[in-house]
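Shown next, in structure tokens, is the structure this report addresses.
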Amino acid sequence: MPMALLALAVGAFGIGTTEFVMMGLLPDVADDLRVSIPVAGHLVSAYALGVVIGAPLLAAVTARMSRRTVLVALMALFVFGNALSAFAPDERWLLAARFLSGLPHGAFFGVGAVVATSLVAPERKARSVSLMFLGLTVANVAGVPVATLVGQHFGWRAAFLGVSVIGLVAIASLGLLLPRDEAPRHTSGGGLRGELAALCSLPVWLALGTTVAGFGALFAAYSYIAPMLTSAAGYADASVTMLLALFGVGATVGNLVGGRLADHSLRGTLFGGLVSLVAVLALFPVLMGTAWTAALAVTLLGTAAFVTGSPLQLMVMEKAATAPSLASSANQAAFNLANAGGAWIGGLALGAGLGVTSPAVAGAGLAVLGVGVAVVAYVVDVRRGVAARRGV
């Protein structure tokens, strides 16, 4: 595989670290800024909002620029946002800095996925995307725990300075390893209007809908994994961090396996991952009954969910072939909508008194919905293919 993929993975590692480290540092941030935990929790939402807004917006605005230049600029904005977070004097400034840090997230993965696929042969496209995403999954295994420990021992501001350093390393890697490229060419109907028009098709929206439902299923359960592990499986609070690292290990394995399998059968890998996710989540109430099966459940959750990561990314790009960067970035926005929506649905199940493992069961329902949307997408593709062969 090209060394340029390593540069993309370094950037993904930094982004994955800053996205999830706030969860572990919330008590420290709240105490230092003298706000409540719920108020500090808005910092997580601010980042997600930045991703949702920034992903399609920045991808569309930079559509005519060299993708190498775009990736370096996005990572520079990432460094600035995290440095601003480290020096934020109060909660409002930190809220704005977290929003700013989230802006380049989706566009980086979106444009990066297009660059990754351009570096390899067509039969290795999904694998190249999975290698870029490897930085994101490894961040959950190593980046987030290390940054959390740094924040707890040296102050939460030190953690964000550390993330800024990772961003600087990513900028250097991108500048040295990515090949120089020209700005993408557009047809007569191209430009920003053409990029946006490419998204206005049913197959693209069905692919994005599959992302929202599939990863919404993941976050419905994962958002409440800590109380499941402590209340249902009987783990001590101190053990949760180690168990979350198991989720990262599972996600890393699922990401790599999904990329390899998707190069052989894109849709088959997608269906297999979604069905596996349904099964794992449906079994959560049983698997949380003992300590070792609970650890297995956390690992399998990461594996089943991230098997679908690169197939979904590649499918969205293929359905919007004339605007791959914008479509790929929109998929990252869909991922973060899944994060927020899944957590909300899981919280409804928990708040209704259905039991500590009920968010996982609700997630299984969302995964079933994801399978349904994927089936509809398949039927639409088949009918369009038949119509094209008939010359309709």
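Output yes when any residue across the range 351-360 is assigned to a helix (DSSP H, G or I) and closer than 25 Å to residue 55 by Cα, and no when none is. Within the range 351-360, not a single residue is assigned to a helix (DSSP H, G or I) and closer than 25 Å to residue 55 by Cα. Here residue 207 does not qualify as under 22 Å from residue 296 (Cβ atoms) and touching a helix residue (DSSP H, G or I) at 6+ places or on another chain (Cβ under 6 Å).
Residue 25 falls short on exactly one of the conditions (1) in a helix (DSSP H, G or I); (2) more than 27 Å from residue 252 (Cβ to Cβ); (3) out of contact with any Lys or Arg (no Cβ under 9 Å at 6 or more places or on another chain), and that condition is (2). Residues satisfying the criterion are absent from the range 84-97 (criterion: free of Cβ contacts under 8 Å to residues at least 40 places away in the same chain and under 19 Å from residue 139 (Cα atoms)). If you go through the range 219-245 and keep only what is closer than 16 Å to residue 363 by Cα and either charged (D, E, K, R) or modelled with pLDDT under 85 (or both), you end up with 223, 226.
Against the criterion of being assigned to a helix (DSSP H, G or I) and either in contact with a strand residue (DSSP E or B) (Cβ under 6 Å, 6 or more places away or on another chain) or over 21 Å from residue 177 (Cβ atoms) (or both), residue 150 qualifies. Just name the residue that is farthest from residue 270 (Cα to Cα) out of those in the range 322-358 that are aliphatic (A, V, I, L, M) and without any contact (Cβ under 8 Å) to a residue 12 or more places away in the chain. Checked the range 322-358; the qualifying residue farthest from residue 270 (Cα to Cα) is 352.
For the range 77-113, filtering for residues that are open to solvent by less than 10 Å² (accessible area, probe 1.4 Å) and assigned to a helix (DSSP H, G or I) leaves 20.
If a residue has to be open to solvent by 50 Å² or more (accessible area, probe 1.4 Å) and either among the hydroxyl-bearing types (Ser, Thr, Tyr) or under 20 Å from residue 97 (Cβ atoms) (or both) to count, how many in the range 153-184 make the cut? Summing the residues that are open to solvent by 50 Å² or more (accessible area, probe 1.4 Å) and either among the hydroxyl-bearing types (Ser, Thr, Tyr) or under 20 Å from residue 97 (Cβ atoms) (or both) in the range 153-184 gives 5.
Scanning the range 251-271 for residues that are surrounded by 18 or more Cβ atoms within 10 Å (Cβ to Cβ) and among the polar types (S, T, N, Q) turns up 252, 255, 269. No other residue among 268, 273 is in contact with a helix residue (DSSP H, G or I) (Cβ under 7 Å, 6 or more places away or on another chain) and not assigned by the TED database to the domain that holds residue 129 apart from 273. For the range 332-354, indicate whether the set of residues that are at positive phi, modelled with pLDDT under 90, surrounded by fewer than 24 Cβ atoms within 10 Å (Cβ to Cβ) and more than 17 Å from the chain's Cα centre (by Cα) is non-empty. Yes: one or more hits.
If you go through the range 1-12 and keep only what is buried (at least 23 other Cβ atoms within 10 Å of the Cβ) and under 26 Å from residue 152 (Cβ atoms), you end up with 11, 12.
Inspect all residues belonging to the range 233-248 and state whether any of them is part of a helix (DSSP H, G or I), among the hydrophobic types (A, V, I, L, M, F, W, C) and in contact with a Phe, Trp or Tyr (Cβ under 8 Å, 6 or more places away or on another chain). Checked against the condition, which is being part of a helix (DSSP H, G or I), among the hydrophobic types (A, V, I, L, M, F, W, C) and in contact with a Phe, Trp or Tyr (Cβ under 8 Å, 6 or more places away or on another chain), the range 233-248 yields at least one hit. Once the range 33-52 is narrowed to residues that are in a loop (DSSP other than H, G, I, E, B) and not polar (S, T, N, Q), the residue that is least open to solvent (accessible area, probe 1.4 Å) is 41.
One residue stands out among those in the range 355-371 that are among the aliphatic types (A, V, I, L, M) and touching a Leu at 6+ places or on another chain (Cβ under 6 Å): the one that is most open to solvent (accessible area, probe 1.4 Å), which is 371. One residue stands out in the range 272-310 among those that are without any contact (Cβ under 8 Å) to a residue 60 or more places away in the chain and not in a helix (DSSP H, G or I): the one that is surrounded by the most Cβ atoms within 10 Å (Cβ to Cβ), namely 283.
The values are calculated or read from the model by the stated rules, or taken from the named source; none is laboratory data. It should be emphasised that the depicted structure is a prediction, and the values quoted were computed from it without experimental measurement. Reconstructed Cβ throughout: ideal geometry from the backbone, glycine too, with neighbour counts over all protein chains shown. For accessibility, only protein heavy atoms count, side chains too; no ligands or nucleic acids. Shrake-Rupley method; radii C 1.70, N 1.55, O 1.52, S 1.80 Å.
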